[in-house]
Each structure stands twice: as structure tokens, then as C-alpha cells.
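Novice: Mind looking over this structure? Questions follow.
No value in this document is a laboratory result; all are computed from the given coordinates. It should be emphasised that the depicted structure is a prediction, and the values quoted were computed from it without experimental measurement. All Cβ positions, even for glycine, are placed from backbone atoms using ideal geometry, and neighbour counts span all protein chains on display.
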Amino acid sequence: MTLAQPSQTTTPGTSPAGRVLQVGPLLPSLEAELHARFDVVRLPRPAERFLAVSGPEFVAAITTARVGVDANTLAALPNLGAVIHFGVGYDATDVAGARARGILVSNTPDVLTDCVADTAVGALITVMRRLTAADRFVRRGDWARGEFPLSTKVSGKRVGILGLGRIGRAVARRLEGFGCTIAYHNRSPVTDAPYAYANSLESLAAGSDVLVVAAAGGAGTRGLVSQAVLDALGPAGFLVNVARGSVVDERALVRALEEGRLAGAALDVFADEPHVPAELLGRDDVVVLPHLASATHETRAAMGRMALDNLERFLSTGEVLTPVPHPAPASTHDTTEVVL
């Protein structure tokens, strides 16, 4: 979809089509370049009075996957033409409401695939081989008093992937190198996938030693990894989540670990970030990470470049380079990507 916009290119400090609203914090280097090149205002908090007066001035908004532009903010921006996301995810934005008004929505796909997949595999190895627990064991001086307990072999295991999109495929390719058997679950089979398809998440979990969650979040899949799925994975099974905390029933996960119905979990995302359930923090069978899957210098720079390119393209032509899928996936077990 193309919106009517002036065709001239932007110049530093100006935006020929109108002003840009920054919703939430951005990477400092991205924020500095954004404000140097465009007429940008960061949304103050509380926002209601500011938007009531200045909302009509803004033709584009730039935000992150975690913050997004919600329905109330959209309603206060009557001339908005595009929502630009720094990140692959967009579930925090009212995408349906935006599309109903002809507002374009973009994200930054592809550039974070490798780093997220690397993190997923690293987290999988870490929890199964208990590497962080072993590190603490040495630092406490416990090695002098005895051997560290045995852990679980990674190579040759059966790995189930929830969400065989770009990142899910990248995880699968890496684990092929470990001689792992790969299966996956989406809402429907992927026609060119060389892996076994499970027609339900419970059946995927039941046939897996490890379940990797590599699918986008959203209200439609909240708690998709349920107690039943965790029970199917079983007391020798491991869970790895580099997607959204909301996809996993966090309380069910805590209970499964406490009751010995799951062997371990490696988690980069949580339901109420940055808050992590206290019950997880003292466990040697759990690896907890601060939502860092895409947090490398190289990937964040590439994401920032893509976000700026999307914004510049919109302000000069009324189009974006990387629009999100249309229509948006109905559930996170479609072939989609994780969110940042």
C-alpha cells in the first residue's frame, strides 16, 4: 500500500512530510542519528495532554518491538502514515487498528536471525551440559570437595522447534551439525521443510528431548506452551525459549521444574520483563538471560540501519522497505519470526 506523500528526500533535521514521533527508548546511536536527520519528538510520559495538542503533527512513529504503538496512541495520531519498528516483532503495536486506517507497519527481519539462532543453540547447550551451574560450582570452591554431577549429552538428541520461520530454520540447521533429529510444529506444514511435521504441539513435545520456542508472540498464543505440553516433554526434557515469555505458561513451568516434571529450562524471555520469577533464580537446572538474543554490536547496528531506511523511504515515497506480513499471522506457530 502506498500513501500519498511528497516525493522529495529528507534533509538533516527536517521531514518534508511532517514530524516523527519516537515511542519509547531506542539504541543510543540510533536515537542520535534519528534526531540528527529528522524532525523527531520523543513521546513524553504521561502522554495524554501532549498527544491531545500535538498528535496531528506526526506522520510517522518509530518504536521498538517491546514498546510498540498501542490503540490509544494510534487514536491520538490522526495523520499517522507509518509505524516503524526497531526489531522483528510487532505484537506490542495495534497492527489491526493501523491497517484498518491504511497505516503501514514495518519491522527489521532477517538481520537478527543468526544471532538469535546462535543464542538458542548456546542456551540449549548451556542448560543441558549445566555449564553455568558448573561455573558457579568452581567459583564457590566446591570442586575441591568433589566432582560436579553428570549432565546430559547434546549431540544426537531429538529437537522439536515451535515456529519454523527464518529463526527456527537457522536453529535447525545449526543443530543438524550436532547430529540432532529435527521436528517442528506450525499451524500448517512448511512445504519445503526437510523436517518431520507434528500436527500438534503436544505431540511435538512428546517426541522431543528438547523443545525450542522460536515463534512470535501475541494474544492468540499466550500460554501456548502449557502444562500439558510441558508434561508431554517430560521429566527428561528441556525447554529453550528465545521468543516471547508470553508463549510459555510461566507458572506451569515453575511448577514443572519444582516438581521434577521437567529436566531444565533456558530462558531469554519472560512474561513480565525485566521481572523474573524468584523461584527460577536459585535453580541450577535453569539458565536465565536478560533478553539478549539479538544483542550484538553487529546485529543492533544492522537493525538500526534498516529502521532508518524504512523511515526515510516512507517520508520520501510513502512506502516502506520491509512491511510486516499482511495479514499478520493468526498465531505464533505460523512460519514467522521471533520478536526482539
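Novice: How about the stretch 210-265: which trypsin sites (Lys or Arg not before Pro) there are in a DSSP loop, with at most 15 other Cβ atoms within 10 Å of their Cβ?
Specialist: 222
Novice: Follow-up. At a Förster distance of 22 Å, what's the computed FRET efficiency of residue 148 paired with residue 275, Cβ-Cβ distance as r, to 0.05?
Specialist: Given R0 = 22 Å and the Cβ-Cβ separation, E is 0.10.
Novice: Bin width 5 Å, origin at 0, all Cα-Cα pairs of the stretch 110-169: what percent of pairs per bin?
Specialist: Going out from 0 Å in 5 Å bins, the stretch 110-169 shows 4, 15, 20, 18, 15, 11, 8, 6, 3, 0 percent.
Novice: Given DSSP loops and a limit of at most 16 other Cβ atoms within 10 Å, what is the longest stretch of the chain that contains no such GluC sites (Glu not before Pro)?
Specialist: Excluding the exposed sites themselves, the longest stretch runs over 1-146.
Novice: All other residues with a Cβ under 14 Å from the Cβ of residue 245 taken together, and with Lys, Arg as +1 and Asp, Glu as -1, what is their net charge?
Specialist: Result for the local shell: -2.
Novice: Above 35 Å lies some portion of the pair distances; for the chain, what is it as a whole percent of all C-alpha pairs?
Specialist: 28 percent
Novice: Give the span of the stretch 113-288's Cα atoms along each principal axis, as three whole-Å numbers ordered largest to smallest.
Specialist: Principal-axis extents of the stretch 113-288 (Cα, largest first): 54, 34, 28 Å.
Novice: Here's something else I'd like to know. To the nearest Å, what is the center-to-center distance of the stretch 292-312 and the stretch 239-253, using C-alpha atoms only?
Specialist: Between the Cα centres of the stretch 292-312 and the stretch 239-253 lies a distance of 25 Å.
Novice: What's the extension gain from residue 36 to residue 158 if we count 0.36 nm per residue and subtract their Cα-Cα distance?
Specialist: Answer, rounded to one decimal: 38.9 nm.
Novice: Now, a different point. I'd like the antiparallel share, as a percent to the nearest 5, of DSSP beta bridges with both residues in the chain.
Specialist: Of those bridges, close to 5 percent are antiparallel.
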